[in-house]
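Novice: Structure provided below as structure tokens; questions to follow.
The values are calculated or read from the model by the stated rules, or taken from the named source; none is laboratory data. Source: prediction; values computed, not measured. Using ideal geometry, Cβ is built from the backbone for each residue, glycine included, and neighbour counts are taken over all protein chains shown. Note: areas computed on protein heavy atoms with side chains; ligands, DNA, RNA excluded. Shrake-Rupley method; radii C 1.70, N 1.55, O 1.52, S 1.80 Å.
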Amino acid sequence: MIAKAGGLEIPAGDFDRIAPPLDALEAAFRPLVEDLPYDLEPATGVLEDGE
């Protein structure tokens, strides 16, 4: 739904292919997110070298 709202058309057959890696990423990162302080500012850009 998020992809569709962003204008990305993903064929239904591709969902079965991309869902397992996305689930694995969420399983790996979810515990890490729980340890982040509530007042930590999110990263909103890419830092250039030396910044």
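Novice: What is the extension gain from D39 to D16, computed as 0.36 nm multiplied by their sequence separation minus the C-alpha to C-alpha distance, in nm to one decimal? Don't skip to the end; give the middle numbers.
Specialist: Numbers: separation 23, 0.36 × 23 = 8.28 nm, distance 3.62 nm.
Fully extending the segment from D39 to D16 adds 4.7 nm.
Novice: Moving on. Which one, F15, T44, F29, projects farthest toward the positive side of the charge dipole computed for the chain from Cβ point charges (K/R +1, D/E -1)?
Specialist: F15
Novice: Can you give the angle from 0 to 90° between the axis of helix 12-34 and the longest principal axis of the chain, with both taken from C-alpha atoms, to the nearest 10?
Specialist: Between the helix axis and the principal axis of the chain, the angle is about 20 degrees.
Novice: Restrict the search to the chain; then list the chymotrypsin sites (Phe, Trp or Tyr not before Pro) that DSSP places in a loop and that have at most 16 other Cβ atoms within 10 Å of their Cβ. Walk me through the numbers before you get to the answer.
Specialist: Numbers: sites: F15, F29, Y38; in loops: Y38.
Sparse-neighbourhood loop chymotrypsin sites (Phe, Trp or Tyr not before Pro): Y38.
Novice: Same structure, new question: Along each of its three principal axes, how wide is the spread of alpha-carbon positions in the chain, in whole angstrom units, largest first?
Specialist: Principal axes ranked by extent give 41, 26, 21 Å for the Cα atoms.
Novice: Additional query: Quickly estimate the mean residue ellipticity at 222 nm for the chain, helices only: each DSSP H run with n ≥ 4 gives -39500 (n - 2.57), and the total goes over all residues, rounded to 500.
Specialist: The helix-only estimate for the chain comes to -17000 deg cm²/dmol at 222 nm.
Novice: Quick one: ranking R17, R30 by accessible area, 1.4 Å probe, largest first, what do you get? If you can, show how the numbers build up before the last one.
Specialist: On the way: R17 155, R30 120 Å².
Descending order: R17, R30.
Novice: Explain nothing, just the number: dipole magnitude of the chain about its Cα centre with +1 on each Lys and Arg Cβ and -1 on each Asp and Glu Cβ, in debye rounded to the nearest 20.
Specialist: Working: 3 positive and 12 negative charges, 76 e Å.
Around 360 debye, computed over the chain.
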